[in-house]
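Take a look at the structure set out below.
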Amino acid sequence: MTNPDLEGHLRSRRDTGHKLLVPYVTGGVNGWLDAVRAAVASGADAIEIGIPFSDPVMDGPVIQQASQLALDGGATPVSILHEVREVDVGVPLVVMCYYNTVHHAGHARFASQLRDAGISGAIVPDLPLEESGEWCAAADDASVATVMLAAPTAPDDRLPRVCARARGFVYSVGLLGVTGERDSLAATATRLAGRLKAVTDRPVVVGVGVSNASQAVEACRVADGVVQGASVVRRLLEGGPDAVAEYVSEVRRALDSEFVTSVS
Amino acid sequence: MSPSTHSIMGEPTEAGRFGEFGGRFVPETLIPACQELEAAFREAWADPIFRGDLDAVLREYAGRPSILTECRQLGAQLGLRLVLKREDLNHTGSHKINNVLGQALLAKRMGKKRLVAETGAGQHGVASATAAALLGLECKVYMGAVDVERQALNVFRMKLLGAEVEAVHSGSRTLKDAVNEAMRDWVATVESTHYCLGSVMGPHPYPWMVREFHRVIGTEARAQCLDAYGADPDVVVACVGGGSNAIGIFSGFVDTSARLVGVEPAGGAAVGRGHPGVVHGMRSYLMQDEYGQVQEAHSISAGLDYPGVGPEHSYLASIGRAEYPTVTDAEVVDAFQLLARTEGIIPALECAHALAWIAREAATMQGQTVLMNLSGRGDKDVGQMMEVLGS
Ligand SMILES: Cc1ncc(COP(=O)(O)O)c(C=O)c1O
């Protein structure tokens, strides 16, 4: 089985001027598979699926709560990767998981579990560049793209090395802090995206703290796209998959009306 | 320069490894801060002025050196020579102040304005609040909601000292979750804030740096034992939560033939029941389920209620240099009362674990000299013990 090529897919859309929209859904919460389908039907270019972990240090209250609900409901990495095989949405799926999930399963085994479940990429937020070698090698072997995170605190000489190791896209961390909705987009969001665009041709996608349609538009003035995390998960918890569909459509419309897609 | 391999209780490798344990598993955002801290510590530790300042504040403020006390009644009862290293007599009542004064001086030197800390029993929180007051730093302490309740006295002490205390309601609502929340704070405030980690855990350089700040316990105890008894002890015993008081006293004896014993609570036995895992920035033994979810620890002692352990302890266990047995809450409650009644010393529940092991295993150590780290005093636990013992 070959899964959709994450980077090829995102590049070809990006290269027409289309802005990339990547909603995040916590695996295992009520209605999550329908939320994935709804988000794709509403214009998502890829989906990030969170594998819940007991100690999510990069996540704020909303995603923490969703993770806990999923764990309380009995979700495991195995159950989520099993259920995700049911969805056939035509865009790449990327998992977000903390490193102990990978470490515990074993690098090669986890990489092949992802591939067999139809997953195209992985984001491991507590695995920095220096510690990433073993996982990246196993993921490369299984054709799973390891998306690297780049942080606003990184000095200039670090960014090209992060981008060189990234596959799929570069995740440009939008602010100093954990996931969660904020009133305004941090100035660091576009600043870092700009620094990354200057050193890489890979798609640069801003995530963490991009909280609504207008912030998505603002980030995309510099970046190639956005991840929408807490804003999506909150709607899933409060209003179910329909609320996710409505929100993703709203962000899609805002991006499409602001950034004209060239006919290619 | 860091070595590419490390000698026992020497510097870890450049990647922060003790054997296969340790490392720096933190979000990218924190990497520059960890690198900066490592460089600042390395430079300060080699600077006689910094060392002199730290020695002075340890002596004139914390009350070092701490004394040795031989427990004649209890020793006779158990058939061994029982010697306590009295870290309970330090200012703020535990060994935690050694590390905190070191980190707070370093934070000042780095130009940081604020400390953030996690705490279990509240001793590290109190020590951090104290150092912040002394050095004019802001201080915020995260503490699990369960611990806020069972260590109410220390919560009030921290507030008196001018620190802000935030109760953490996620997960098991104990030390593990307080660490998560402190790390989340640090990710957001890293430019102005130093994370004053309370044990020999976390990402490189913390396990190494915190061990160096506690090395004073072992160095003093080695000289004091030689002075008093003309010999090294046969056994060195300490309780293990993250493992800082244990590593401190072990560091003085690792090159002797003394048995090194780190006592864990039965409900938080990272070495005894755990497997290598990665959480809180380090690869170490960790209690986890079949999918790698971190399990909740359960201990009567808030300071040991932690499912992980510092990476250097995992290393010492893996090479067989130290052993990590467990004791039950019931044994700890007995030991707590035993020391109070026989010696007039009320120990912290944490180090009552070490005594519980000594009392249980005394028959195998007849005639030996057993050095125990009395890591803290029990005042903070008196309220909790009133309930346990029905006053
Ligand atoms: C008195 C005392 N001893 C021991 C500990 C456990 O920490 P560590 O294992 O780092 O010494 C604590 C922690 O709160 C403590 O307060």
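The values are calculated or read from the model by the stated rules, or taken from the named source; none is laboratory data. Since we're looking at a predicted model, the values are computed, not measured. Cβ atoms come from the backbone with ideal geometry, glycine included; neighbour counts cover every protein chain shown. Heads up: the accessible areas ignore ligands, DNA and RNA and are worked out on the full protein's heavy atoms, side chains in. Shrake-Rupley method; radii C 1.70, N 1.55, O 1.52, S 1.80 Å.
Based on a Kirkwood Rh over C-alpha pairs, give the Stokes-Einstein translational diffusion coefficient of the protein assembly as shown at 37 °C and viscosity 0.692 mPa s in µm²/s.
Translational D for this selection: 128 µm²/s.
Kindly rank B:52-65, B:190-203, A:36-49, A:9-22 from highest to lowest mean number of other beta carbons found within 10 Å of each residue.
Taking the mean over residues of other Cβ atoms within 10 Å, the ranking is B:190-203, A:36-49, A:9-22, B:52-65.
Taking both sides together, what accessible area is buried at the A/B interface, probe 1.4 Å, expressed in Å² and rounded to the nearest 100?
Separately minus together, A and B give about 2800 Å² buried.
Kirkwood hydrodynamic radius for region A:68-194: how many Å is it when counted over pairs of different Cα atoms?
15.8 Å is the Kirkwood radius here.
Summing -39500 (n - 2.57) over the DSSP H runs of n ≥ 4 in chain A and dividing by its residue number, what mean residue ellipticity at 222 nm do you reach, to the nearest 500 deg cm²/dmol?
Rounded to the nearest 500, it is -13500 deg cm²/dmol.
Calculate, for chain B, the solvent-accessible area per residue in square angstrom, rolling a 1.4 angstrom probe over the heavy atoms of the protein chains.
Using a 1.4 Å probe on heavy atoms only, each residue of chain B averages 33 Å².
What distance in nm lies between label points placed 7 Å from Cα along the C-beta direction at residue A:161 and residue B:5?
According to this spin-label approximation, the distance is 2.5 nm.
Residues of region B:290-316 losing 10 Å² or more of accessible surface, assembly versus chain alone, probe 1.4 Å, please list them.
Buried by 10 Å² or more upon assembly, which counts only protein chains, are B:290, B:291, B:292, B:293, B:294.
At q = 0.13, 0.23, 0.25 Å⁻¹, what log₁₀ I(q)/I(0) does a Debye calculation on the Cα points of region B:8-84 give, no solvent, two decimals?
Debye output, listed in q order: -0.74, -1.03, -1.09.
Please compute the volume of the convex hull spanned by the alpha-carbon atoms of region B:175-299 and report it per residue in Å³.
Measuring per residue, one finds 117 Å³ for the Cα hull of region B:175-299.
Need one number: % antiparallel among DSSP beta bridges in the protein assembly as shown, to the nearest 5.
Given both bridge residues lie in the protein assembly as shown, the antiparallel proportion sits at roughly 20 percent.
Over the whole of B:274-283, what's the average partner chain Cβ count within 10 Å per residue? Rounded to a whole number, please.
Mean partner shielding for this stretch: 4.
Send over a whole-number figure in Å² for the accessible area per residue of region A:6-257, probe 1.4 Å.
I get 33 Å² per residue for region A:6-257.
Placing unit charges on C-beta atoms (Lys and Arg positive, Asp and Glu negative, everything else neutral), compute the dipole magnitude of region A:6-257 about its Cα centre in debye, rounded to 20.
My answer is approximately 660 debye.
How much of the accessible area of chain B, probe 1.4 Å, is carbon plus sulfur, in whole percent?
Percent of accessible area from carbon and sulfur atoms in chain B: 51.
Rank by packing, highest mean first: peptides B:242-249, B:86-93, A:180-187, with packing defined as the count of other Cβ atoms within 10 Å averaged across residues.
B:242-249, B:86-93, A:180-187
Given a cut-off of 19 Å, name the pairs among B:113/B:380; B:113/B:176; B:108/B:380; B:108/B:140; B:112/B:380 whose C-alpha atoms lie farther apart than that in the structure shown.
From B:113/B:380; B:113/B:176; B:108/B:380; B:108/B:140; B:112/B:380, over 19 Å: B:113/B:380; B:113/B:176; B:108/B:380; B:112/B:380.
Name the residues of region A:172-188 whose accessible area falls by at least 40 Å² when all protein chains are present instead of the chain alone, probe 1.4 Å?
Residues meeting the cut-off: A:176.
If you put +1 on each Lys and Arg Cβ and -1 on each Asp and Glu Cβ, how big is the dipole of region B:1-89 around its Cα centre, in Debye rounded to 20?
The calculated dipole for region B:1-89 is roughly 580 debye.
Let me check I've understood the local charge: for residue B:359, count other residues with C-beta under 11 angstrom from its C-beta, Lys and Arg +1, Asp and Glu -1. What total comes out?
So the environment of residue B:359 carries a net charge of -2.
Taking every eigenvalue of the Cα gyration tensor of region B:266-391, multiplying by 5 and rooting it, what semi-axes result, largest first, whole Å?
27, 19, 11
When every alpha-carbon pair in chain B is counted, what percent end up more than 32 Å apart?
That fraction is 25 percent.
Give me the inter-chain shielding for B:180-192: mean count of other chain Cβ atoms within 10 Å, whole number please.
Per residue, the number of nearby Cβ atoms from other chains is 4 on average.
Do any residues of region B:5-39 show a loss of at least 30 square angstrom of accessible area between the isolated chain and the full protein assembly, using a 1.4 Å probe, and if so which?
B:25, B:27, B:28, B:29, B:31, B:32
If you average the alpha carbon positions of region A:54-121 and of region B:20-80, how far apart do those two centres end up, in angstrom?
39
Which whole-angstrom value gives the distance between the alpha carbon centres of region B:280-334 and region B:338-377?
That distance is 20 Å.
What does the average come to when, for each residue of peptide B:354-364, you count the partner chain Cβ atoms lying within 10 Å of its Cβ?
If you average over the peptide's residues, the count of other-chain Cβ atoms is 0.
Once every DSSP H run of n ≥ 4 in chain B is given -39500 (n - 2.57) and the sum is divided by its residues, what mean residue ellipticity at 222 nm do you get, rounded to the nearest 500 deg cm²/dmol?
Calculated from helices alone, the mean residue ellipticity at 222 nm is -13000 deg cm²/dmol.
Under a Cβ-only charge scheme (Lys and Arg +1, Asp and Glu -1), can you give me the dipole magnitude of region B:319-391 about the Cα centre, in debye to the nearest 20?
Approximately 200 debye in magnitude.
How much net charge surrounds residue A:86 when only the other residues with a Cβ under 15 Å from the Cβ of residue A:86 are counted, with Lys and Arg +1 and Asp and Glu -1?
Residues near residue A:86 contribute -2 overall.
If a/c stays under 1.5 just call it rounded; otherwise compare a/b with b/c (prolate if a/b is bigger, oblate if not). Do that for region A:6-257, with a ≥ b ≥ c from the square roots of the Cα gyration tensor eigenvalues.
rounded
Roughly to the nearest percent, how much of the accessible area of region A:6-257 is carbon and sulfur, given a 1.4 Å probe?
Roughly 48 percent of what the probe reaches on region A:6-257 is carbon or sulfur.
Could you tell me the calculated FRET efficiency between residue B:59 and residue A:30, based on Cβ-Cβ distance and R0 = 56 angstrom, to the nearest 0.05?
0.40
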